[in-house]
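Read the structure below first, then the notes.
The values are calculated or read from the model by the stated rules, or taken from the named source; none is laboratory data. For clarity, every value in this text was computed on a predicted model and none was experimentally measured. Methodologically, a virtual Cβ is constructed for each residue, glycine included, from the backbone with ideal geometry; neighbour enumeration extends over all protein chains shown.
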Amino acid sequence: MPDSIQLADVSRIRPIELPAEAAPASRPDDGVFGAMFHDAVSRVQAYQAGAGEGVQRFLSGEDEELHKVAIAAQKADLAFDLFLQVKNKVVQAYQEVMRMQM
C-alpha cells in the first residue's frame, strides 16, 4: 500500500451514475393521496415564504408592522408543526398496517 496518494490516482475517480430505472421518477398520476400531500406541502411553503418576506420587509425598514410579522412567523411555525404531526401519524398507520398478519 503506497504511503501517499498521487494526484493522477485521484483524477481517475468518477462519480457513480445511477441506472435510469433506479433514479426516482415522478409519476403524473399520484392519486388522491399524492394530490393532498402536494397541496399540504405547498401550503406550508407558502406560509413560510410569506413569513420570510414579512421579516425581510420589516428588517429593511419598509412599512411592515412587527405584530403582523410575528403572527405570520407563528402561522408558518404552526403549519410546519401540524404537517410534521400528520406525517408522523401517517407513517405510524402505515407501519401498523404492515405489521398486521394476513
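If you check VAL86, VAL90, VAL97, VAL44, which single one turns out to be surrounded by 11 or more Cβ atoms within 10 Å (Cβ to Cβ), under 27 Å from PHE33 (Cα atoms), modelled with pLDDT under 95 and out of contact with any helix residue (DSSP H, G or I) (no Cβ under 8 Å at 6 or more places or on another chain)? Give the steps one after another, and end with the answer.
Numbers: VAL86 fails: out of contact with any helix residue (DSSP H, G or I) (no Cβ under 8 Å at 6 or more places or on another chain); VAL97 fails: surrounded by 11 or more Cβ atoms within 10 Å (Cβ to Cβ); VAL44 fails: out of contact with any helix residue (DSSP H, G or I) (no Cβ under 8 Å at 6 or more places or on another chain).
VAL90 is the lone residue from the list that is surrounded by 11 or more Cβ atoms within 10 Å (Cβ to Cβ), under 27 Å from PHE33 (Cα atoms), modelled with pLDDT under 95 and out of contact with any helix residue (DSSP H, G or I) (no Cβ under 8 Å at 6 or more places or on another chain).
So, in region 71-102, how many residues would count as being polar (S, T, N, Q), assigned to a helix (DSSP H, G or I) and over 20 Å from the mean Cα position of the chain (by Cα)? Let's see the steps before the verdict.
Taking region 71-102 and keeping what is polar (S, T, N, Q), we get 74, 85, 88, 92, 95, 101.
Next, only the ones that are assigned to a helix (DSSP H, G or I) stay: 74, 85, 88, 92, 95.
Subset that is over 20 Å from the mean Cα position of the chain (by Cα): 95.
Of the residues in region 71-102, 1 are polar (S, T, N, Q), assigned to a helix (DSSP H, G or I) and over 20 Å from the mean Cα position of the chain (by Cα).
Restricting attention to region 78-102, which residues are of a type outside the set (Lys, Arg), under 22 Å from ARG43 (Cα atoms) and without any contact (Cβ under 8 Å) to a residue 12 or more places away in the chain? Explain how you work it out, then say what you get.
So the first thing to find is which residues in region 78-102 are of a type outside the set (Lys, Arg), and the list is 78-86, 88, 90-98, 100-102.
Going one step further and asking which of them are under 22 Å from ARG43 (Cα atoms), we end up with 78-86, 88, 90-91.
Once the filter is applied, which keeps residues that are of a type outside the set (Lys, Arg), under 22 Å from ARG43 (Cα atoms) and without any contact (Cβ under 8 Å) to a residue 12 or more places away in the chain, region 78-102 yields LEU78, ASP81, LEU82, LEU84, GLN85, ASN88, VAL90, VAL91.
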